[in-house]
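Computed from the coordinates by the stated procedures, all read-outs in this text should not be read as laboratory data. Just so it is clear, the model here is predicted, and its values are computed rather than measured. Heads up, the Cβs are rebuilt from the backbone with ideal geometry, glycines too, and the neighbour counts pull from every protein chain shown.
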């Protein structure tokens, strides 16, 4: 699984460029002359290959750019993640990259970062609408799932027999889970003669 995090890192860079934090706050310069930053990266979980790959890709990208990464994983605990973000703020990081548990629990974290004038970018889980200020970089989960399932249906047709599918449904409070479910359903429209959905199993 390969990730390209240029939009995510650039989103953070754009926020940092508009930030009023003084350069004399202990930053040093990279070889390219750009400021060397300390970025707090807080993930809700590393329980799946997707999130592990994302975490490692962010680490590699920040390292390549000469920045320091502070790491935190909340293990599905929103209260713990809030404390981790507050710890980043106490340590006066230059920016925060956040994967929250859901769209609501991240709002106090964003507001805490706003109060400290620290820019914050959310990766693949945008917040609910509020007056809290952040940038969200979100994958098109609907399109990704639709294209994946369309490919699987085409492979099923090559076998010349009807296949059965079981769908594992994640937390529908997560916009990613909703997009993937809807993309799956869209891809299977009109394909009932080749793929039969025999069960939908909630994982939450």
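Provide the gained length on full extension for the span residue 152 to residue 63, in nm with one decimal, where the gain is 0.36 nm per separating residue minus the Cα-Cα distance.
The span from residue 152 to residue 63 would gain 28.4 nm if fully extended.
Ordering 151, 50 by the number of other Cβ atoms within 10 Å of each residue's own Cβ, fewest first, gives 151, 50. Taking label positions 7 Å along the Cα-Cβ direction at both residue 164 and residue 104, the computed distance is 3.7 nm, reported to one decimal.
Averaged across orientations, what area in nm² does the convex hull of the alpha carbons in segment 141-202 project?
About 3.8 nm², averaged over all directions.
Relative contact order, percent, of segment 94-138 when contacts are C-alpha pairs under 8 Å separated by at least 6 residues? With pairs under 8 Å counted, the relative contact order is 42 percent. Which FRET efficiency value, to the nearest 0.05, do you get for residue 138 and residue 198 by plugging their Cβ-Cβ distance into 1/(1 + (r/R0)^6) with R0 = 22 Å? So, using R0 = 22 Å, E works out to roughly 0.10. Counted by neighbouring Cβ atoms within 10 Å, the residues 163, 62 run from fewest to most as 163, 62.
Measuring r between the beta carbons of residue 91 and residue 45 and using R0 = 25 Å, the FRET efficiency lands at 0.65.
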